[in-house]
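Please read the structure below before turning to the comments.
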Ligand SMILES: [Zn+2]
């Protein structure tokens, strides 16, 4: 049994006024293969990078778990998945 369940593949800690951020990525060996988490690390990294742009748009003012925050999360995730899919298609075509 694992000591600690990983809740997310990536996290961002940011200081909006200072325009400073640190993105933490989970180590692949710590991810339970049966986890509900999507294990696409590329999407996770792009997702966290997109948060920086969305922070600019919201001035970093959204409260966690608010309807606005959940909407932002859905938009960030959909955009991250689309960008990675476009890039993967481009790479597959050569
Ligand atoms: Zn997010």
Q: Considering only residues that are touching a helix residue (DSSP H, G or I) at 6+ places or on another chain (Cβ under 7 Å) and within 12 Å of the ligand (Cβ to nearest atom), look in region 31-71 and name the one that is modelled with the lowest pLDDT.
A: 62
Q: Scan 28, 85, 80, 74 and give me the residue that is loosely packed, with under 14 Cβ neighbours inside 10 Å and within 12 Å of the ligand (Cβ to nearest atom).
A: 74
Q | Members of region 1-25 found to be out of contact with any strand residue (DSSP E or B) (no Cβ under 9 Å at 6 or more places or on another chain), farther than 18 Å from residue 80 by Cβ and either surrounded by 10 or more Cβ atoms within 10 Å (Cβ to Cβ) or at pLDDT below 75 (or both), listed by number | A | 1, 2, 3, 4, 5, 6, 16, 19
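The values are calculated or read from the model by the stated rules, or taken from the named source; none is laboratory data. Source: prediction; values computed, not measured. Methodologically, a virtual Cβ is constructed for each residue, glycine included, from the backbone with ideal geometry; neighbour enumeration extends over all protein chains shown.
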